[in-house]
Every structure is written in C-alpha cells, then in structure tokens.
1. What list of ³J(HN,Hα) couplings, whole Hz, do you get for the stretch A:338-347 from phi and the Karplus terms 6.51, -1.76, 1.60, once you set θ to phi - 60° and write x for glycine and proline?
2. Taking θ as phi - 60°, what are the ³J(HN,Hα) couplings along the stretch A:100-115 by the Karplus curve (6.51, -1.76, 1.60), each to the nearest whole Hz, with x for Gly and Pro?
3. With contacts defined as alpha carbon pairs under 8 Å and 6 or more residues apart, what's the relative contact order of the stretch A:99-258 in percent?
4. Picking from A:MET1120, A:VAL1249, A:VAL1227, whose Cα lies most toward the positive end of the charge dipole for the stretch A:1119-1260 (charges on Cβ: Lys, Arg +1; Asp, Glu -1)?
5. Evaluated at 20 °C with a viscosity of 1.002 mPa s, what Stokes-Einstein diffusion coefficient in µm²/s does the stretch A:140-251 have when Rh comes from the Kirkwood expression over alpha-carbon pairs?
6. Report, in debye and to the nearest 20, how large the dipole of the stretch B:2-151 comes out about its Cα centre when Lys and Arg carry +1 and Asp and Glu carry -1 on their Cβ.
7. What are the residues whose amide H is under 5 Å from the amide H of A:GLN1084, where those residues sit 5 or more places off or on another chain and H is modelled from the backbone?
8. Once you have the Kirkwood Rh of the stretch B:2-151 from its Cα pairs, apply Stokes-Einstein at 10 °C and 1.306 mPa s and quote D in µm²/s.
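Where a number appears in this text, it was derived from the coordinates with a stated rule and is not lab data. None of the values given here were measured: they were computed from a predicted structure. Glycine gets a Cβ as well: all are built from the backbone with ideal geometry, and neighbour counts include every protein chain shown.
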Amino acid sequence: MALKIVKGSIDRMFDKNLQDLVRGIRNHKDDEAKYISTCIDEIKQELKQDNIAVKANAVCKLTYLQMLGYDVSWAAFNIVEVMSSSKFTYKRIGYLAASQCFHEGTDVIMLTTNQIRKDLSSPNQYDTGVALTGLSCFVTPDLARDLANDIMTLMSHTKPYIRKKAVLIMYKVFLKYPESLRPAFPRLKEKLEDPDPGVQSAAVNVICELARRNPKNYLSLAPLFFKLMTSSTNNWVLIKIIKLFGALTPLEPRLGKKLIEPLTNLIHSTSAMSLLYECVNTVIAVLISLSSGMPNHSASIQLCVQKLRILIEDSDQNLKYLGLLAMSKILKTHPKSVQSHKDLILQCLDDKDESIRLRALDLLYGMVSKKNLMEIVKKLMLHVDKAEGTTYRDELLTKIIDICSQSNFQYITNFEWYISILVELTRLEGTRHGHLIASQMLDVAIRVKAIRGFAVAQMATLLDNAHLLTGNTQRNGICEVLYAAAWICGEFSEHLEDPMQTLEAMLRPKVATLPGHIQAVYVQNAAKLFATVLRKHDGETESQAAQETSQLLIDRLPLFVQSANLEVQERASCILQLVKYIQKLQQKNVEVAEEVTALFAGELNPVAPKAQKKVPIPEGLDLDAWINEPPSESESEDEKPKAVFAKEEPKHSRSRHTEVDEKELARRREVRKQEQANNPFYIKASPSSQKVYDAPGVEHIPVVQIDLSVPLKVPGMPMSDQYLKLEVERRQKEKAERKKKEKKKKREKRGKERKADSGPESEEDITPAHQVDIVTEEMPENALPSDDDDKDPNDPHKALDIDLDNLLSGFSSRPLADSEKLPVRTHRPEALKSPAEDRDSESVPQETKKKSGKEKKKDKEKDRKRSKEEKKKKKKHKEVEEELLESQPEEAVQSEETKEAAAPPTSTSAEASDLDFWLSSAPVPPAAQEVTAPSSAAAAVDTSSAAAPESEPDEPKDTEPEDTKSSKHKKKKQKKEKEEKEKKKKKRHHHHHQHHSDAGGEDSVQNGTVEEEEPLPPMSNYSLLAENSYIKMMKEDADQVYDIQGNHQDESKVVVSVIFENKSDSFLKSMEFNVLDSLNSKLQRPEGAGAHDSLTVPFQLPPGVSNEARFVFSVQSIIMPQKLKGTLTFIVKSDESSTHEKLDFKLHFTCTSYLITTPCYSDAYAKLLESGDLKGSSLRLEGINMPFHHLLARICFHHHFSVVERIDSCASMYSRSIQGHHVCLLVKTSDQTVSIDAKCDEPSLLGNVLDEIKQTFSKC
Amino acid sequence: MIKAILIFNNHGKPRLSKFYEHYTEDTEQQIIRETFHLVSKRDENICNFLEGGLLIGGSDNKLIYRHYATLYFVFCVDSSESELGILDLIQVFVETLDKCFENVCELDLIFHVDKVHNILAEMVMGGMVLETNMSEIITQVEAQGKMEKSEAGIAGAPARAVSAVKNMNLPEMPKNINIGDISIKVPNLPSFK
C-alpha cells in the first residue's frame, strides 16, 4: 500500500517516460489511437511546465510519436526550448526531435540561429557535435548563410571529431547557400590531406558528392585524388575516389590512361569485393571514354569481363546482381567481349531471383545480332511459357519486343518470323501489353512493304478467330491486337485472299462487345474491305457478289449505329448511308467500284515521333502573341497543319491525298530517297532494295513464297520455330553460293575487288530473307536538330556549378571577390583567424581602388557597344559583370597591364596547363610521345585544350555564369594556351638536362602566388637519368616523397618513380635495377634479398613503349644531398638474336627532394619564427631578370615551398622536410637583386637547400 | 547520399525512421509501408538490392536492405553510394548496436529508439557516411553516455528509482512480451576491410 502511494507521488513528478509510453501503446493494441491521443494531451500539459526535465521528457516522447506518423510540428517551439537547455542530455533530445521534424517551412527555425552558433562554439565537443548533427538535417538557406562562417572555422578545430562533422556538413551548407562554396573550397581541399583518416574520408565524401553533379569543375583536383588513391588504405575512401574518377574520366580521356594501371593493380590485389567491383566499374568507364582512341586495352576489358564472370558465378546473389549490372555497362561499348558469355547470362534467366532475371534480360537486349536473334527469342519464348506471375511475364514480353524492334528492326532478317512471334504472343493470358503488340504489328506492316501480304493473311486469321482472344474476360488487354489486325486487313486489303470472308468476320455481332475504339476501327475498315470487294468484282456485269456485300453491310451496320460510343455510331451511320446509296447505284448497274475505291486511295507514311517538335517556327511567328483581339478564336493552328499528324497514331493521322499526281509523288520519292541516304538509321537492306522506289508498285518486290499450309490455321499454335530451321538452312545455302561465287571471281581474276569486306563470319554476310524495305519516318522539312533535354531547373546542384579553378591554389593570395566573403558577425571578436579572411582584409583596399579603374574602362567599352542590338548588349553587360568579378584577383597585383586592350589570362590557364602537365606525365612521357607518335601527341594537345575546364572551344551559348566570358577573351586565352604548350614541349627537352634535381609536384605550383599575371614558364619534374640507344630512363621524384609516421629518429623513405622508355625496335625484357647502397641511403629490397641484389622491373617493354616503376629508398640523414650509382641491366631481344645490355646511371637525391610542400598559416608561421629555435642563413642572387611571381613559382615548384604571405615584392615561404625540419624563407627583390633570408632548425640542410636554389636560378 | 534509413519488423511496424530529406508525416508512413511491402515479399537468399521505391527519389535510387531475425534494416541510397559498401555499413551498424546493447534484440530498439538514433548519428550525418570504424563509433557513443550519466548525477537517482519501481509493479514487463525469436543474431560476415 505504502509503496503505491510513494509511486503515485513520484509519478506525478516525473510522469510517463518514453519506455512507459511505448509500453502503454503496446498494451492498448485495440484502441491505440485513443490511447495516444490521451498521451498527447498529457504531453501538452507537461510542455506547459517550467521544469526543463519534464519538457525534455515530453519532447522525447513526441519524437517517438512522430515516427509513428503523428504530426508534432505544434510543439516546435518547445523543441527549441529543449535544444537550448544547458544540459547535454536535454540538448541532445531537443536536437534529435528537431532533426526529425524541422524542415524549411518550420518558422521557429529562425529562432535557433544564435543558439546553434553558441553550441557550435561550445567548449564541450559533444555539444558542438550534437548541434552539427542536428543542423545537418534541418539546415535552411538562412541558417546556412548565417552559420557558414562558424562552420568553416570548425573545419580547423583541434578535435578530429568536430573537424569531420564540420567538413561533412559543409555539403549541406553548399546546397542551401551556394555562395559559400568558393570561399570554403580551399579549406575543404586542405582537409583532403588531413592527418586524421576520418576527416580525410569526410572531405573526400563531400567533394565526391559535389563533383558528381558538376564534374568539370573538379577536374583539376584529379592529381590530388590520384595521390590519395595510390596512398590510402581506407576502402571507404578508395571506393569514393574511384567512383569519382568514374565521373571524371568522360571529361578527360588522358586521365583514364593514367588510371588504368593503378586500377588494374587494385583489381588484382584487393580482397574486398566492394572495392573490386567499384574498380571494375571505373575501368569500364575509362574504357568507354577511351573506346575511340585507344585500341590496346583489350587486356583490361578482358580482365573486367573475367572478374565480372567470377562475380556472376558466385553463389552470393548480391555479387551476381552487381556483376550483371556492370556487365551491361561494358555491353554498350564492347558488345563482343560480353557476347562470349551468353551462356552464363541465359543461365541467369532461370535464376529464382527476379532482380537477377531482369538484369539478365537487360543484357540480352544488347547481345543480339542478326545471327543469334532468333535463337535468343526462342529461348525467351520458352521462358514466357514457363513464367509464373504476370509481372515477370509482361517484362519478358516487352523485352522480346524491345530486342526485336531495336534500332529500326536492325537485327531482324525475316519479318515473317517476327510477325509469327507477335501472333504467338497474343496467346498470353492477362497481359497488359496488348497495345504494344498491336503497335508492333502496325509498325511492321506499314514500314515493311514486302511483308504486307503475309501480315494480312495472319491478321485475317486472327480476326476470324477473334473469339479466342476475346472469349475470356481475363484477356481484355490482348484484344487491342484486334485493333491492329482490323486496320491492317482494311488498309492492305488488296493482299487479302478472301476479303469477303474477312468482312464477314469483322461484322459479326460479337464485335459489339469490344471496346469502342476497336469497334470504330472495325467499322471504318469494313468500309475499306467493301471497296476492295467492289473493285474485285468490277467489270462483271450484273455482279451478284458485289450486291450481296452491300446487303451484308446494310444488314449488319445498324448494330453499330446503335452503339453507345459516339465514334462508332457516327462512322457506322455515315457508312451505312453511303452503302445504301451505292446499293441504289448498283441496282441501276452503274459502275461504282472506281469511285468507292477513290475514297480510300493514297499511301500512308509513318511520321517520326518527334516530328512535331522539330517543325521550325517560321520567321516572325510568335506563337504566344494574340493574332486577333483576345476574345476571338486563335487561328495559329492553321499555320502548322502538321500538328495533326504527329501527335496521334498513324491510324488517326491518315490524310488522303486522292488527287496527288504522279509528278508530285515522284518528287516526294526523290526527297525521301535523299533523306534516307543521309539517315544513319535507315537500313539499306541491300543495294537493290533502293530499286523498290523506282518500281511503280509493291507488286514488284520479290516476296519469298509462303507455304500457307504451314502457318496458322488455328492461331496460337507455335510455329515460329520453323523459321529458325528455315533460316539456318537458308544461311548455309547462301554461304555455299557465295563461296562458289568467290571462287569464280578468283578464277576470273578481275582487278576490281567488289567484295572488300568478305570477312569469314561478318554480320553483313547475313542477308535478309527477302528484300526488306523499311520505310523511314517522315520529318518536317528543315527539321531542327535540337533535341537536348535540359537539366531539371529545380535541381539544387545546379547552383553549385561554380568554377573553383582559380581557387585551387591552396590558400593562394586572394581569389575571392569582395562580395563572396562569407558573412561574418562583426560585433564578436573572432575566435580563430582563418587564413582566407586574413588575406581578405589585407588586399581589399588595394583592390577596390583598382576595381574602380577597371570599371571606368568597362564603361567606355559599354558605350562603344551601345549601338549594338539590345539583346546582345544585355548579355554583354552580364558578361562584363562576370568578367569583372572573375578578374578582380588579377587586378590586385597587376595594375599596368590592365590598361592594355588584351584581356589578361586568368589563372585557369595556368591551372589548366597544370592539370595538363600532370596528365601528360602519365606513363607515356610527352617527349616519347613526340618521337613515337607525333600525330597522337598533336591529338593530345587538341584534346587538352578542349578538356581544360575553362577553355572549352566554341561551346555554344553556355548559360552557366562562369563560362559566359566574351568569346574574344576565350579565343585569346586558347591561343595563349596553345603557344604555351608548344613552348612547353620545346622546353621539356632542355629541362631534362637543366634541372637535374628539379622536382615539385603539381601542388607546389598551385601553392605559388603565381596565378594570374602572366603565363608561367612551364616547369618539368622529369629529369633524364640515363640514356643509351636502347633505353631512356627518366626520374620523377616529386610528390612521391613521404615519411613514415614522422618519426624523426628512424629512417625515412623516399619513393622514386623512374620511367623506362624503349627507344629501340627490339623487345626489352628481364630488366633489373640495382643501386650501390651508401651508408645513408639504401634501396629497399624484398625480404630475404641480399644487400647487393638487384630488383627486377615488373614489366617488359615492347618497342616504343614506356612504363613507370617505383623504387623505395630508405634514407637516414637528409641534411646532405646524396648521389647513388646504379646500373640497369636488360636483355634486348630482336627477331634473330638477344643480347645482354647494361646502362649506368647516377641517382641524385637533392636536399630539396626531401622537402614536402606544406601549407602554413601566417599566425603559425609568425610563432615559429618567434620561437627562436631556428638558425638563420642568407643568400643573394644577382641579375635575376624575371617577374617576382615567376621567381616564387620557381621556388615553389622546384623546391617544394609554399607561399605563406606575399606583400608587394616581399614574400615569406615555408616548407617542411620529411623528418619535420621547418624551413622558412623571406624572399625580397629589388631591381635585379633577390635576397633570401632563410631560417631552419638544421643549418646544414638549410645551406644545401640554399645552394640548390642558387643553382636553379643560375641556370636561367 | 543516403536518402533514408528505416528499421521495421516482420510486420512492418517501424522501429526507427530517419529521413534525410523532408517529407510530411503521412508520406513518411506511406514510404515505410511501401518499402515494407517491397522488401517483405522477397525470399531469403536473394539479392539485397531493390530498385523502384516509387516514393523516395526515383530511378537513381536503390533500396539496400538486410534482414536480421525479426528486423529489416533498409537504406535508401542514390547512385553515388557503393552497393556493397552500404551492405557493409548495415552490418557495422548492427554490430555496433549489438555491442552497445549487449546482444541486441528487437525490444532494445523498441524501448530505446532515442539511443539507436544517437548511435546512428555517429555513423551517418545528414545522409552522408560519417564514420565506419566501429570502435571509434562506440568510443564516441560511450563518451556521450558517460556525460549524460554524470549530468544526471544525484538528480537522476529518483528517476531511476521510479523506473525500477514501475518495473517492479507493472505487469507489462518486457520479459513477458512474447515476440518470438527476438534476439538479433549478428552473423559473421567477411569484414569490409
């Protein structure tokens, strides 16, 4: 008793908690709704209390009810209250509730901004975390705008837990507030190299999501991702990156070439199926993008198909499914490789899993050829018989029709067979696809003239046995077929053997039970048949048969006149009257046949489905304008009479040109013939088929004799199989004949070789069974080729199509326009200095001054152009504005040059060439390309200019803002780029010798301050290692340098990539690479190998081919430069002999090659210098005659520094060695003198680095 | 992107629903029903991917699910996610639940849906995969659990006492509820890494 009292009082205090609610609901299964409504009342009471614990409890319960489908938006304000509790427990409950039920329409959301900001900057990382998680679910454009800056700050938080969440949520912020993308991007990019794998993975995740929608803007990140791909071991990250590459390769084929090798390696090495599968997928994407250019990837295709086969054969259904899915991608470009696995795919059709069967069906679609179509369809027909469940059977049916009708019936050699397949398909019970079969029948009968006779015979039988189709109510879907049958019989009634019998079949009383639209066709076509019968009996005086026919119609038609369907009724009564009139004439013995036939004379042509869309709008016609005053009827329809033709089915669109004279017809034929000649989809069945047009009628088409004793007497009997046999026999016979002919020809030894393409088994050899003339679809004259479907305008990603290229230089001097800065709350002192902002504030005054100058200039330009058309001017105006925005950063540093008329090249050209540079440093080095295949090198240059993100040539009217630069501007840039490339090519040769130690990956260039001013002189990170008449070795050691765990005491590892290029005409094999180790530097050899053993190069080199191998060296001390002597031995194998050859080389490890480009913030940099741990040294260079930014770029590129800060002609730079030494430079220039003050914690390293810098500049 | 994460039992009762795009409550229920309908009629031992959830997204989207004992775990994702990767993620999720609840069963999810949400929040954020490392997830969840406990402190004691009392007195103890084979057996799958 006492216990109960206690419990009651405590209950009042704490009410029900979530568990009680759940329990209660489970106990009230019968009256759940009622129970919950009382609970909601309780919750409402609880929410009114002041106690935050009670409120939180209530909100927690509401979250549960929300899951059950109850609207809880009325408690939004209380949720905000709970969110703002100072206790983590309640805060979490509040944020969870908010994330479940807040959305853009929730009005209280605007109250949360400050609370969220407070939580984001909370000292407790879990408060911040919970706020970020919640925000990720309900972020609105307003919140995104207000909080973007705070979140950006969090991206550099000390705790990785916060960093990764902040990075991830940026994607949502970008979506809601696209303006934040540009300012935030440099930091996001930085996070790709975050030391914490979680943060790195988050950054990869975000960039992949961004790049998926607008891949071209992210092409320039490819080198960085490539590096990640080859270094990361996290499968999640790898999968994302590999998927991203799949999206990028279509834009840049050279990227694909570079990817193939590492991907194939991954495929071979990984044990994770998910990774393997994504690799295969991306290799496929690469191969698709390369399919035109590179024929030598059959090995990769083979590998993919092989691996996929393994997946498909796996017992795991998931792998099987994915294997089939990927296979269908290969199929599009390399159908041959897939076709060899037909057995496997047909086997999958029997799988118990429907998803797998459907995938296999998809594959079949692409696997058919003229040769195997019949066979495959036969298999499918068997499956149709076996299939249970209508959905799968319907799917099979549509697939059969798809397969057969694809690309204008390309694979059908025997249309009789196809018609009989269609007839067989009508046996399907309860299918929904009657209309599909019907439209196929119509299509074939109209477009294949030769088949009409056969088709009509089959259709007549169908009509005769209509009761079989309609008898069962379940078969309603299929009666659509009768629509086609009736129409075909009527339209091509001249082929009918016994029109009278068919006419009788069409007028049976049972017809009245058919759907209205079918009856209407029956009635109309009965009239056509009537005309045919009359004509048949034309000339016979006192024709009994003709009069009997009229009587039949007069007897039967009244049934239709009574029809409830207006269409049927109208047609029937019209025709009834007509027949009555004719009967009267007949009784007077007047010749009527001619006139009646004239009613239905004329030929019908199919109209292309898009014909209507493509009718060009005549000059000066505004379809939206009123022609008369609004109330009156619009007459615009008269101006495009073709509208009637396109939208409806051929049946309705028939327009009878009874009075088309012969001349007109001839002219039309001529036009059509020409059209067909230009139409790639038009099947020229054989050269002679063209003659069909010259012949006056259809009668001249040689039609294969149809043995009518075989085809259906009773519809529904399988008979298509016979065609298969016939077909095989026929082909054999033809083959034999052809052989004979060829022999004859050979004997005659005629010079003219007419059969050039007589490949043993080529598709062309299979000729159609009879002359097939597929009538092309008609198009209006001057049809517009425009066919592009625009993207969904509501797609939020469209707004994110922002050019990021001038941003990519890490935290470069200042690419952001003033207006692009993220809104910062100014009344609050900033907790953390963000580098971007720092730079902002510095260069703003400078820039605005210059901007105004430029604006004036632009104004003048505008004045000049005022005379131009208004439309153009508007556009121009916009462009100018854009340009202004784009070119601001340039102006900041470049005042004089802007006065010149020439538009300054934007950073993108530098960026683009940078990417080019990386791409061209693919295993096939550019120099080699020039030697071996000059044409391909030229092509590469072309494609590179086309693919460079900003310089796409002549892209017609690009509406995206960043691309709308004046074409003039564009052209110039392109030109410059080309020049630059040429220069680069030339220079490369020299560079190999000049920069012995030159290094520095793509990053360092991006890191330079260089961007906009002038095109940078190209720099190479290859150096010639050694060369003889057989082989050339080139060293690339740039970004391959890394340390392990940053452990200062242990030895560090350096990876050296060497490109081997075979210069001879012989095959090089058994290459062995050996280096004489020094005490300090050792070549890493596999375990068990002796200290002097050589390493085998893992590939062989055919003539003219080059490939890249990597060697790992362990280095103990990095303060001194090193030289290692080495030898490469190899066997040269030519046709007759093989010799053993040797090449000596010296590997030069400079001190700068131990430096890694590391970004550094100016505040950290200042601290470092203040610390006093660093020792100084300095260097003076005289007679340096180059712009300051070039100088910096050189240091960045060759010596792996990054610019921390640059003010006028003074810059501070930073780099870090692989063992963690800091190297700081202060570079000043005046006139031609450059002074470099340097500090480093290791004086001898510094001395060497400075020496090397000096050397670099002494060379130029 | 992950569009939605749903957990429901063999009868279609939702145990957790997390939508990363906004839908009205009615639509959400409809989606759950539709998804259940699609998923539940599939046999065991057939593939775990499903195309054609009509309500969420469209042709780009796929349903990827796993069936554990009485529960279906369904992820609706678009084409930027790796199918096998998501399957592994589901496995990680369930294993994490198993660790956090100690032999997780449907009842745990029924009575502690808030806790499940919190665990999920450490794995997936705003539709994007945040963390796949199980020990990292558990560390963070436990750290937050500890914080909660320390906050409750003395004030939490009466509440705990109350719930203990309630459990003592009330007949509807979870033990008595018979929902069949409730314990989710986490099969040992080949690990993702």
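1. Whole-Hz 3J(HN,Hα) from phi for the stretch A:338-347: 7, 4, 5, 9, 4, 4, 4, 6, 5, 5.
2. Calculated HN-Hα couplings, in order: 7, 10, 7, 8, 4, x, 6, 7, 6, 4, 5, 6, 8, 3, 5, 4 Hz.
3. Answer for the stretch A:99-258 is 16 percent.
4. Farthest towards the positive pole: A:MET1120.
5. 153
6. Here the stretch B:2-151 has a charge dipole of around 300 debye.
7. Under 5 Å from the amide H of A:GLN1084 lie the amide H atoms of A:VAL1112, A:PHE1113, A:SER1114, each far enough along the sequence or on another chain.
8. Numbers: Rh = 15.8 Å.
Answer from the Stokes-Einstein relation: 101 µm²/s.
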